[in-house]
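The values are calculated or read from the model by the stated rules, or taken from the named source; none is laboratory data. Just so it is clear, the model here is predicted, and its values are computed rather than measured. Here the Cβ positions follow ideal geometry from the backbone for every residue, glycine too, while neighbour counts run over all protein chains shown. The protein model used for the area step is the full one, side chains on, heavy atoms only, and it has no ligands, DNA or RNA in it. Shrake-Rupley method; radii C 1.70, N 1.55, O 1.52, S 1.80 Å.
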Amino acid sequence: DIQMTQSPSSLSASVGDSVTITCRASQSIRSYLNWYQQKPGKAPKLLIYDTSTLQSGVPSRFSGSGSGTDFTLTISSLRPEDFATYYCQQSYSSPRTFGQGTKVEIK
Amino acid sequence: QVQLVESGGGLVKPGGSLRLSCAASGFTFRDYDMTWIRQAPGEGLEWVSYIRSSSTYTIYADSVKGRFTISRDNAKRSLYLQMNSLRVEDTAVYYCATDGPISALDNWGQGTLVTVSS
């Protein structure tokens, strides 16, 4: 199985800050990398698929990049509604494993 | 709009069984592959099982293989997860999601809680 490792596990930031979350795959997954946002008590929501394509309705302050084994999610100019937990997921092969999550908290 | 509604969760003793359902509406269910994902309390997301739109292919996480069975009824627009030989570590919120042509889980249900405890 492909292991997905996110870093950091958590971070504190202020409204208006730019933050970057990293996701590393244990082997090449080409560009088959997705990002999800989850708020407490809610189902996850797809933000970005295929490394860098924003899902419909997702604000442009979210962006993704990378290829092969190393990927990043960047949130520029954090807004209050962005404080949540973010998960990466590889869709290169089954099982389509998730990273352990990164909790973005208010400083 | 797309709606997925899970049901069937509850409290069950170790070794027991449950059948989860996911009712789909707002899209052409028979055209979509589907996936079950779970989340233990306070933990991250775990991919559980996948079924192709035509039911011709299924796959399971090692943690549930041989105990869980995914199925679907396209005429009823429903997805199912039969869970047998349940263990305490199967306690989680179970989500169903569409696994769209973009190879991502693009629509999720609200989840149903399964608690395995004596």
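Only Lys, Arg, Asp and Glu carry charge here, each on its Cβ (+1 for the first two, -1 for the last two); on that basis the protein assembly as shown has a dipole of about 380 debye about its Cα centre.
The slack in the chain from A:D50 to A:S93, taken as 0.36 nm per residue of separation less the alpha-carbon distance, amounts to 14.1 nm. Look at the dipole of chain B built from charges on Cβ: of B:S17, B:L81, B:V2, the Cα furthest out on the positive end belongs to B:S17.
The modelled label-to-label distance between A:S77 and B:R30, using points 7 Å beyond Cα along the C-beta direction, is 4.7 nm.
Out of every Cα-Cα pair in chain A, what percent are more than 24 Å apart? Tail of P(r) above 24 Å: 15 percent of Cα pairs. Probing with 1.4 Å while keeping every protein chain in the model, the per residue accessible area of the protein assembly as shown equals 45 Å².
Applying both filters, DSSP loop and at most 11 other Cβ atoms within 10 Å, to the chymotrypsin sites (Phe, Trp or Tyr not before Pro) of region B:21-62 gives B:Y57.
For chain B, the alpha carbon positions stretch 40, 26, 24 Å along the principal axes, listed from largest to smallest.
Dipole magnitude for chain A: about 160 debye, using +1 per Lys or Arg Cβ and -1 per Asp or Glu Cβ, origin at the Cα centre. Calculated on the alpha-carbon coordinates, the convex hull of the protein assembly as shown measures out at 112 cubic angstrom per residue. With contacts taken as Cα pairs under 8 Å and at least 6 residues apart, chain B reaches a relative contact order of 36 percent. When the accessible areas of A alone and B alone are added and the area of the pair subtracted, with a 1.4 Å probe, the result is around 1500 Å², both sides summed.
Remark: relative contact order (chain A) = 39 percent; criterion is Cα-Cα distance under 8 angstrom and separation of 6 or more residues.
With θ taken as phi - 60° and the Karplus curve 6.51 cos²θ - 1.76 cosθ + 1.60 applied, the whole-hertz 3J(HN,Hα) list for region B:66-79 is x, 10, 10, 9, 8, 8, 8, 10, 5, 5, 9, 6, 9, 10 Hz, x standing for glycine and proline. Each of A:A84, A:A43, A:M4 was placed along the dipole of chain A (beta-carbon charges, centred on the mean Cα), and the one lying farthest toward the positive end is A:A43. Burial here means at least 50 square angstrom less accessible surface with every protein chain in place than with the chain by itself, probed at 1.4 Å; in region B:31-80 the buried residues are B:L45, B:W47. In the frame of its principal axes, region B:51-102 has Cα extents of 33, 22, 18 Å, reported largest first.
Excluding same-chain neighbours fewer than eight residues apart, the lysines reachable from A:K45 by a Cα-Cα span under 25 Å are A:K103, A:K107.
Loop exposure criterion: trypsin sites (Lys or Arg not before Pro), DSSP state outside H, G, I, E and B, at most 15 other Cβ atoms within 10 Å. Applied to chain B, the longest stretch between such sites is B:1-51. Computed in the context of the full set of protein chains, the accessible area of chain A at 1.4 Å probe radius has 44% of its extent on carbon or sulfur.
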